[in-house]
Amino acid sequence: MARLNRALVNSEWLQSFSDTSVVHLVRTGSDHAPLLISTANTQWEPKKYFKFLDFWTEQDDFLKVVEQAWQIQVEGGPMWKFHLKLKNVCKSLSSWSRNTIGNIFDKIKELQNRLAELEDRCLNDNSECNRMEYNNVNAQLISHIKNEEFFWRQKAGLKWYSEGDNNTRFFHSVINSRRKKLKLTRIKKQDGTWIENKDDIVTEAVAFFEQ
């Protein structure tokens with residue numbers, strides 16, 4: 001009644017068992033309710049739509065890509081032209097990000113490995129050429145880490161985020177928590193029975209609104 005009984009997990013648990021759910025069972029001879037914890041880890045891939053990433057604006061050729069896409073000639077009424085121009089910008093930015101920036105997470109791992117190799121090389125041969133290459137790769141790594149920070153800050157939607165913090169694990173937890181709230185694991189029919197099968201939930205939801 002006062003929800004005295006709760007289950008507490010950490011981010012590692014949620015990474016392993018994303019579909020964890022807790023049900024309070026009937027109290028018997030105590031004011032504490034037994035907890036039934038169910039675990040699962042179903043892989044659910046949501047449909048991906050275009051999403052503008054804030055860190056794109058920090059790239060040197062961002063405005064050029066937007067301008068070129070916007071200047072593509074389209075036909076139709078004013079609002080239809082506006083719609084098509086926005087669509088062209090979205091397609092151009094997606095393609096540009098994929099081909100120019102790439103996967104920021106894979107790029108960070110690649111640069112970290114490269115930096116470790118160059119560090120060993122500089123220890124054996126501290127030439128100006130090796131130092132320049134090391135500093136260049138290090139600058140690229142810092143830039144990509146900054147992009148990663150921008151990405152998780154935007155995805156988590158935290159307005160009170162403190163500049164300079166790099167806590168991607170926390171951002172993961174926030175995002176997983178929000179995603180879990182949007183997911184239905186079971187629903188109750190009008191006759192009081194519960195449905196837990198995914199396909200049955202879909203069918204019952206459609207039938208309910210049709211009626």
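See the values below:
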read-out: Filter result (open to solvent by 40 Å² or more (accessible area, probe 1.4 Å) and in contact with a helix residue (DSSP H, G or I) (Cβ under 8 Å, 6 or more places away or on another chain)) within the range 97-119; value: Phe105, Lys107, Gln112, Arg114, Glu119
read-out: Sole residue being modelled with pLDDT under 80 and not hydrophobic (A, V, I, L, M, F, W, C), chosen from Lys146, Lys109, Lys189, Lys181; value: Lys181
read-out: Helices (runs of 4 or more DSSP H) contained entirely in the range 1-96, each with at least 3 residues that are open to solvent by 50 Å² or more (accessible area, probe 1.4 Å) and at pLDDT below 90; value: 11-16
read-out: Scan of the range 1-30 for residues that are of a type in the set (Ser, Thr, Tyr) and more than 28 Å from the chain's Cα centre (by Cα), ordered by number; value: Thr28, Ser30
read-out: The range 55-74, subset among the polar types (S, T, N, Q) and more than 28 Å from the chain's Cα centre (by Cα), residue farthest from Val89 (Cα to Cα); value: Gln73
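The values are calculated or read from the model by the stated rules, or taken from the named source; none is laboratory data. Note that the coordinates shown come from a computational prediction; the quantities given were computed from them, not determined experimentally. A quick note on method: Cβ atoms are made from the backbone with ideal geometry, for glycine too, and the neighbour counts reach across all protein chains shown. Calculation scope for accessible area: heavy atoms of the full protein, side chains included, ligands and nucleic acids excluded. Shrake-Rupley method; radii C 1.70, N 1.55, O 1.52, S 1.80 Å.
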